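Please treat every number below as a calculation from the coordinates, not as lab data. Note that the structure is predicted; figures quoted are calculated from it, not measured. Counting neighbours? That spans all protein chains shown, and the Cβs are built from the backbone with ideal geometry, glycine included.
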Amino acid sequence: MQSVALKRIALGVSYDGTPWQGWQTQPSGQTVQDQIERAIARFVGEPLATICAGRTDTGVHALNQVIHIDSPVTRDNISWVRGVNTFLPDSIAVQWAQPVSEAFHARFSAVSRTYHYIILNTAIAQPLWASRAGWCFRPLDAELMQQAAHHLIGQHDFSSFRSSQCQAASPVRELQALKVWRERDFVRISITANAFLHHMVRNIVGELVLVGQGKHDPDHVSAVLKQRDRTVAAPTFSAAGLYLAQVEYPESLLNIPAATEIEDLLLI
C-alpha cells in the first residue's frame, strides 16, 4: 500500500479556559486538547495528534495558542478554520491556519512566549470578572510592582517561582520582558520569556502583588529569586487572570497573524 504524504499545518487557537481542565489531554476528556483533537478528527475523517506551544493549566485562557498537526488531507486555510470550528464548543475557536515545513515544531521552534495577567483591583469583587481576572481587594501600587519586576529580567534560576510538580529538566529561564501598569481598576502584567516553568507566571504575579500591597519592598523580589527556594516566595496567584497571548517563531518558519489585542477582547 502506498503511504500518504502528510502535510504539516500550524493553527492558532483561542479559548476560554474556565470550563476545561487545562490544555493537556486527560482520561476525563475535559481538556482543550481533547476538544481540539475530536473536532479535527471529525473534520478530517481520522484522528490526528496535536502538538502545542505551551500547555496551559486549568482555568488559564489563550488568545493565540499555536499547535501543529500532520494531515493526510489538503484544505484551504480558511477551510481549516471554519471546518474545525464547526465541531468545537463556543469556548474554543481556531483563529488562523497555515501550511508549514516539516522543520516547524509548535513547541521546540518557539523562541519566546508572552503571557498577560489581569488583576481586578477593586474593594468589592465583580462577578462578571470572576473567571476573567484575578482579584485583589487591597490597593496595589503598580509602580512599585514594576520596580520589583526589574529584578527578574534576564537569565536566572527561577526555582523560587517553580511549582513543586514542575517536570522541567532545568529551572533556568531567560525572562526577556516584564511590564506592570494600571488601567483604571485593573493592574495588567505582561511577561515574555524563552519558556516558562510550571506555575512560574502565577507565582511571579503572587510575589509582585505582595510588593504592590506594601508588604514587601521591591528589592525583596531579588532576595527571593536568589534563595532558589519555592517556600520563601508568595502563594500561587489565581489562574483566572492568566492568558497565553502570543508565541514567537523565526519568520522563516512561521508568520503569525497579529492577535486581537486583549484590550479589545475584554473591553478594558
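Give a quick list of chymotrypsin sites (Phe, Trp or Tyr not before Pro) in the stretch 100-132 that DSSP marks as loop, anything other than H, G, I, E or B, with at most 12 other Cβ atoms within 10 Å.
Working: sites: Phe104, Phe108, Tyr115, Tyr117, Trp129; in loops: Phe104, Phe108.
Answer by residue number: Phe108.
Straight-line cross-link partners of Lys7 among the lysines, defined as a Cα under 18 Å from its Cα and at least 8 positions apart when in the same chain, are absent. Computed from backbone phi, the HN-Hα couplings of the stretch 158-163 come to 9, 4, 5, 10, 10, 4 Hz, rounded to whole numbers (Karplus: 6.51 cos²θ - 1.76 cosθ + 1.60, θ = phi - 60°; Gly and Pro given as x).
For Leu254, no residue whose modelled amide H falls within less than 5 Å of its own remains once neighbours fewer than 5 places apart on the same chain are excluded. Fewest neighbouring Cβ atoms within 10 Å first, the residues Thr74, Thr231, Thr50 line up as Thr231, Thr74, Thr50. Computed from Cα positions, the angle between helix 32-44 and the longest principal axis of the chain comes to roughly 20 degrees. Sequentially through the stretch 191-206, phi angles give Karplus couplings (6.51, -1.76, 1.60; θ = phi - 60°) of 9, 10, 8, 5, 6, 10, 7, 4, 6, 4, 5, 5, 6, 5, 4, x Hz, Gly and Pro residues having no value and appearing as x. Using the Karplus relation 6.51 cos²θ - 1.76 cosθ + 1.60 with θ = phi - 60°, the per-residue 3J(HN,Hα) values for the stretch 108-124 come to 7, 7, 5, 9, 7, 9, 10, 10, 10, 10, 10, 10, 7, 10, 10, 5, 10 Hz, with x marking Gly and Pro. Residues within the reach of a label modelled at Asp185 (point 7 angstrom out along Cα to beta-carbon, backbone nitrogen below 13 Å), restricted to the stretch 90-133, are 119-130, 133.
To the nearest 20 debye, what is the magnitude of the charge dipole of the stretch 112-244 about its Cα centre, counting +1 on the Cβ of each Lys and Arg and -1 on the Cβ of each Asp and Glu? Walk me through the numbers on the way to the answer.
Values: 14 positive and 10 negative charges, 63 e Å.
It works out to roughly 300 debye.
For Lys215, the lysines whose Cα falls under 24 Å of its own Cα, not counting residues fewer than eight places away in the same chain, are Lys179, Lys226.
Built from the Cα atoms of the stretch 80-200, the convex hull projects on average onto 10.7 nm², one quarter of its surface area. Exposure proxy for Ile191, Ile92, Ile78: other Cβ atoms within 10 Å of each Cβ, ordered fewest to most, give Ile78, Ile92, Ile191.
Which whole-number value in Å³ per residue fits the convex hull of the alpha carbons of the chain?
That works out to 137 Å³ per residue.
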